[in-house]
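Working notes, structure below.
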Amino acid sequence: MSSAAPAPPIPAPAVLSRCVAVLLALLCAAPFADSDTTWYAFDDEPKYRNVFARDPRLDSKLLPININNHWGLTDQRGVIIALPRFDWTDYGYDGLARAMLDGKTGFIVGDGDWYIPPTFDWVDRFENDFAVFRHRGRYGFIDQRGRVKLKPEAEGLLRFREQTAVAMLGGKVGYLNRNMEWTIPPRFASARSFHDGRAAVQYFTDEGVPGNWGFIDRRGEPLWTDDSGRVLELGDYNDGRAKVLVGSAADDPSGEALWGYLDQRYELVIQPRFRSARDFTDEVAAVELGSDGWGYIRRDGSWTITPQFDDADDFDDRLAMIRHNGLYGYIDKAGRTGLYPQFRGAEPFLFGYARVARDQSFAYVHESGYVLWDPLVAQRRIVRDTLVDATAGAQIQRQVAAGDTVERYLYRKIPEWRPQAPIPYEPEFRYEEKLPPPPRGGLIEVIEDADDTDVIERTEPTETLKPETNERDPSPSPPQPDENTTPTPAPPDATP
């Protein structure tokens, strides 16, 4: 990334702070804790000026911006480093961010240059050196040079975690290693990624239908299996706890399936009494207690924040996102400090910032309430903030080559409004480490691609995908990696 001159002061974000500061100051009696609740107002006071001191490590973590449905990137100082010329951009992990242009996805670096050209109909972000991509309804892996390491033959594929990736082939789920070889052959009806050396799996019955759940080790050997038949689903181990969905007993057919938690000895340490539950993070978990709503419990099952929210997410950094009376805000573990629920859309904190929205545009806020990015402010200052950077100047030249004009930027005109292109990606916090994937759902509404139907469409298996059956192992042979092939774009008539 090119070196940039210091960014000019960020103006007070009038849009986000309007009608908020006075309201927030009166909220000491908010119901989110037993004691008074302190809500930070959105302001731009000098005491927050040094929160974003320059740190070279921040260059690898980039934030997407959207101006009139033209997308770009900003760094963690609020300086635009990739001008808004894309159909969509993702967060930048380790200096690489997904970007869409003309319906195809590739990867860009911080200044907006293509690192991997946009040739994919769908591709996940990189995790542990590999990214899942989809081609004609099948999934494979690419490396960070854009080379295909696993041909798109799998029916489902998850990110690598603890040196293994969950893969589905022939209707069965197993685990691949980084050499794209089966380390645990596909034989499960459902499976989750490894956490702390254990993975939750669901076995097939003798009749070939999904049966009991249990945990396996890295060799695929059983660690624990439910013999009661009442366990309907298992979660991942985090903080020594794994959530478990327990169905009603045989003598209580009208009972509701409820969530509880197992300890590391697979004992039910928190009895099933929750309608919904999330994994433990930082020693607390968000749970839903019937009509009382969502709250947070400790590892012993006691309440740290009593149920009162419409919805609640995990704690990221210091704060957790909640929804109250239809609006989103953020609280700490004691429920005493946060950003008051006032947003129609929101996402959890990532890289120290949370994306919040009052309408179709969004901004970024720090946990202190400082607004890093306000789209309306950006529309007035986009060029003045970035023309001092040689990187931005290079981007303008690329825009000129693409048919734009320098005058468009020199006169500080914002990009003209256009309809938002379909985005086939969900927010990062919705990512599920499970195959087959669970039904969609979450805390915020996202743009769905109505034409994205190949998630449920399956092509006929090729010769390489046919199971090689024998008496010892009826599992299909793994898809073979291709060291030198680059991804082939789908033809125009292919399903995206």
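The values are calculated or read from the model by the stated rules, or taken from the named source; none is laboratory data. Since this is a predicted model, take the numbers as computed values, not measurements. Glycine gets a Cβ as well: all are built from the backbone with ideal geometry, and neighbour counts include every protein chain shown.
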Practice problem: Hey, can you tell me all the residues within the stretch 161-171 that are surrounded by fewer than 21 Cβ atoms within 10 Å (Cβ to Cβ) and on the phi < 0 side of the Ramachandran plot? | Solution: ARG161, THR164
Exercise. Scan (1) in a loop (DSSP other than H, G, I, E, B); (2) crowded, with 20+ Cβ neighbours inside 10 Å for the single condition LEU234 breaks and write down its number.
Key: (1)
Quiz item: Pick from GLY260, GLY211: which is surrounded by 18 or more Cβ atoms within 10 Å (Cβ to Cβ), not in a loop (DSSP other than H, G, I, E, B) and not hydroxyl-bearing (Ser, Thr, Tyr)?
Solution: GLY260
Quiz prompt | Members of the stretch 214-230 that are surrounded by 12 or more Cβ atoms within 10 Å (Cβ to Cβ) and in a loop (DSSP other than H, G, I, E, B) | solution = ASP217, ARG218, GLY220, ASP226, ARG230
Quiz item: Got at least one residue in the stretch 272-280 being without any contact (Cβ under 8 Å) to a residue 60 or more places away in the chain, closer than 30 Å to GLN308 by Cα and loosely packed, with under 14 Cβ neighbours inside 10 Å?
Solution: no
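Could you pull out the residue among ARG145, ARG178 that is out of contact with any Leu (no Cβ under 9 Å at 6 or more places or on another chain), over 27 Å from ALA363 (Cβ atoms), outside any strand (DSSP E or B) and modelled with pLDDT of 95 or more? Don't jump to the end; show me each part of the working.
Values: ARG145 fails: modelled with pLDDT of 95 or more.
Of the residues listed, the single one that is out of contact with any Leu (no Cβ under 9 Å at 6 or more places or on another chain), over 27 Å from ALA363 (Cβ atoms), outside any strand (DSSP E or B) and modelled with pLDDT of 95 or more is ARG178.
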Self-check item: Neighbours by Cβ (under 7 Å, 6+ apart or cross-chain): first from the stretch 211-226, more than 15 Å from LEU268 (Cβ to Cβ); second outside any strand (DSSP E or B) and β-branched (Val, Ile, Thr)
Solution: GLY211/THR205
Quiz prompt | Residue list for the stretch 108-130, restricted to those being part of a strand (DSSP E or B) and either surrounded by fewer than 19 Cβ atoms within 10 Å (Cβ to Cβ) or in contact (Cβ under 8 Å) with a residue 24 or more places away in the chain (or both) | solution = ILE108, TRP114, TYR115, ILE116, PRO117, THR119, PHE120, TRP122, VAL123, GLU127, PHE130
Exercise. Identify all residues within the stretch 148-189 that are farther than 15 Å from ARG134 by Cβ and within 21 Å of the chain's Cα centre (by Cα); write none if there are none.
Key: PHE160, ARG161, GLU162, GLN163, THR164, VAL166
Self-check item: Residue in the stretch 132-147 that is surrounded by the most Cβ atoms within 10 Å (Cβ to Cβ), counting only those that are more than 21 Å from the chain's Cα centre (by Cα) and within 22 Å of GLY92 (Cα to Cα)
Solution: GLY146
